[in-house]
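J.: Pasting a structure below so you can have a look.
The values are calculated or read from the model by the stated rules, or taken from the named source; none is laboratory data. Bear in mind that the values here come from a model prediction, so they are computed numbers and not experimental data. Quick reminder, even Gly has a Cβ in these numbers, built from the backbone with ideal geometry, and neighbours come from all protein chains shown. The protein model used for the area step is the full one, side chains on, heavy atoms only, and it has no ligands, DNA or RNA in it. Shrake-Rupley method; radii C 1.70, N 1.55, O 1.52, S 1.80 Å.
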Amino acid sequence: MTQQQIKNLEKELWDAADELRGNSKLTAAEYKDPLLGLVLLRFAQNRYEDAKVSIANSLPINPRTGKQREATRDDFAGAGAILLPEKAKYEYLASLPESEDIAEAINNAMKLIEAEYHDLAGILPKSYQEFDDKLLRDLVRVFNKDAVRNAKGDVFGRIYEFFLMKFSMQGAGAQEGGEFFTPPSLVNLIVNFIQPNHGIIHDPACGSGGMFVQTAHFIQDHENKSVNEAITVYGTELKSNNTKLAKMNLAIHGIEGKIIESNSFYTNPHNLTGKCDFVMANPPFNVDKVDAKNKFLAEDERLPFGAPLTGNGTVSNGNYLWMQYFHSYLNETGRAGFVMASSATDAGNAEKRIRQQLIETGDVECIVSVGNNFFYTRSLPCHVWFYNKGKKPENKDKILMIDARNTFRKVTTTINDFSEDQLEGLTAIMAMFRGEKPEIKPDNEWFKGKFPSGKYENIEGLCKIVDLEEVAEQDYSLTPGRYVGVVVDLDMDFDYKGRMVEIHNELAILNDEANLLMKQIQGVQL
């Protein structure tokens, strides 16, 4: 299946499923988990059918009987599949007669899969009795089309991620809509910059596990090893529903990993301090209810520079807790990339002290400013921070500043992202900073327009390499705009002089009207 065919299938399935919801009384939040559960059921059967063929070709023949032995659960696990009981197969559900209770049958299928696949125990949705019978049957048919039954490889992973994105755009998260999903442009930026191709990967605010999924894609594109040979993934997530989404996401993509539901502010459940090769995260911004008196916080080894306490001994927000966690998790050559509120680059008081100490380690490698509308349910800008404890000596006292606020593609009136050329170009800037040869397609006009020589140079309004002395002069601000400058882009076809005459005329009219109104008010007899 080509990339375009997959995109067409994603859209076709989403449109069909969303139309069914639109004709029901369900909200997007009520609909999300059961629908994603059906995607997993369909995936499980497709993976089962593929594994059954490969296992049949590899099972040894018993010399006494001349027959192959029966395939076992371990055989299927080795092939990355689940040995499905008959009543957990998607096609069994799709062929149920109208007289059978389809909701009960789907709930039972989920229980049977959990019994076979222990990482999903207690995770799969089992609330299908809340759905209208006709809606459920129509939904099952949506994922039983020929194109879906014949889908191979990571098509279902792509569909699952696409559906997560669409639900996020509809605000289907708990409390703040879409909090379970980091937009692909930001995930890709992080993965491309830190290149997580080996070892221990950690996300202590993992949401639905998108960082791990994109890491898997990166490994598949760049390494000869399988994903589970190359990396071991660990995630921590505060919210129960997001934890379930992440475990389902890993299962659908065939990624082995450990996801724990816990609060990263008061626990360090994986004990990975100093052990991680890569850390990636999009933590909640500006969390203001962290308990500064918590005993764990006071003794936390992940806070070498201390908690960012205010004058009255409270933690005003958690940003500088997260930033220390990410740094502390890294081993001596580890890299981290994470999304952070824009206010953090210039925050004062205790946060400034911690930022200065982080900068003085020499491990802050790059800061990228990102403009508005990259998040699906919030329009705020952000910054993406990068640490690298394995910097080359010549870069140890340098930081790459990238202002990408004017680098974006308009997707809709309220959503922006990076185009493929822009993302590839931004990645190339980081590679050139590291002294590596950038991977650039010959037809990347964005990159050629910015770097016609094909070599790094400071570009006003876009990027600049600064040393720690310059950062100190800027009071340890890490806002790229302070360093890269601003480009004033004049539209030479616009009649500025004529427009100014119009504005002056409009102002004169408004002044006359204001004076007349003032005279009328002053003439009123009290």
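J.: For segment 107-124, indicate whether the set of residues that are at pLDDT 90 or above, acidic (Asp, Glu) and out of contact with any Lys or Arg (no Cβ under 8 Å at 6 or more places or on another chain) is non-empty.
T.: Yes.
Residues checked against (1) surrounded by 16 or more Cβ atoms within 10 Å (Cβ to Cβ); (2) in a helix (DSSP H, G or I); (3) among the small types (Gly, Ala, Ser); (4) without any contact (Cβ under 8 Å) to a residue 24 or more places away in the chain:
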site	(1), (2), (3), (4)
LYS126	yes, no, no, yes
GLN129	no, yes, no, no
LEU136	yes, yes, no, no
ALA147	no, yes, yes, no
GLY157	yes, yes, yes, no
VAL187	yes, yes, no, no
ASN192	yes, yes, no, no
ILE201	yes, no, no, no
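J.: When the residues of segment 387-420 are narrowed to those that are touching a strand residue (DSSP E or B) at 6+ places or on another chain (Cβ under 7 Å) and among the polar types (S, T, N, Q), which ends up farthest from GLU460 (Cα to Cα)? Please lay out each step first, then the result.
T.: So the first thing to find is which residues in segment 387-420 are touching a strand residue (DSSP E or B) at 6+ places or on another chain (Cβ under 7 Å), and the list is 387-391, 397-405, 408-411, 416-419.
From what's left, among the polar types (S, T, N, Q): 388, 416, 419.
On the way: ASN388: 25, ASN416: 23, SER419: 21 Å.
Ranking the candidates gives ASN388 first.
J.: Mind checking whether some residue in segment 238-248 is under 28 Å from LYS352 (Cα atoms) and in a loop (DSSP other than H, G, I, E, B)?
T.: Filtering segment 238-248 for residues under 28 Å from LYS352 (Cα atoms) gives 238.
If we keep only those that are in a loop (DSSP other than H, G, I, E, B) too, we end up with 238.
Yes, some residue in segment 238-248 is under 28 Å from LYS352 (Cα atoms) and in a loop (DSSP other than H, G, I, E, B).
J.: Looking at SER168, SER208, can you tell me which residue is closer than 30 Å to TRP322 by Cβ, assigned to a loop (DSSP other than H, G, I, E, B), among the hydroxyl-bearing types (Ser, Thr, Tyr) and in contact (Cβ under 8 Å) with a residue 24 or more places away in the chain?
T.: On the way: SER168 fails: assigned to a loop (DSSP other than H, G, I, E, B).
Among SER168, SER208, only SER208 is closer than 30 Å to TRP322 by Cβ, assigned to a loop (DSSP other than H, G, I, E, B), among the hydroxyl-bearing types (Ser, Thr, Tyr) and in contact (Cβ under 8 Å) with a residue 24 or more places away in the chain.
J.: Another question about this same structure. I'd like the full set of residues that are closer than 23 Å to CYS206 by Cα, open to solvent by 10 Å² or more (accessible area, probe 1.4 Å) and touching a strand residue (DSSP E or B) at 6+ places or on another chain (Cβ under 7 Å), limited to segment 291-321.
T.: Correct list: ALA307 only.
J.: Picking from PHE386, PHE408, which residue would you name as being of a type outside the set (S, T, N, Q) and open to solvent by 10 Å² or more (accessible area, probe 1.4 Å)?
T.: Numbers: PHE386 fails: open to solvent by 10 Å² or more (accessible area, probe 1.4 Å).
One residue alone meets the criteria, PHE408.
J.: Only residues that are open to solvent by 60 Å² or more (accessible area, probe 1.4 Å) and not in a helix (DSSP H, G or I): list them for segment 17-57, please.
T.: If the condition is that a residue be open to solvent by 60 Å² or more (accessible area, probe 1.4 Å) and not in a helix (DSSP H, G or I), then ASN23, LYS25, THR27, ASN57 are the ones that fit.
J.: Test of understanding: among ILE61, ILE106, which residue is among the β-branched types (Val, Ile, Thr) and open to solvent by less than 40 Å² (accessible area, probe 1.4 Å)?
T.: Numbers: ILE61 fails: open to solvent by less than 40 Å² (accessible area, probe 1.4 Å).
Just a single option satisfies the conditions, and that option is ILE106.
J.: Just checking, how many residues over segment 257-284 are farther than 20 Å from PHE296 by Cα and without any contact (Cβ under 8 Å) to a residue 60 or more places away in the chain?
T.: Number satisfying all stated conditions: 3.
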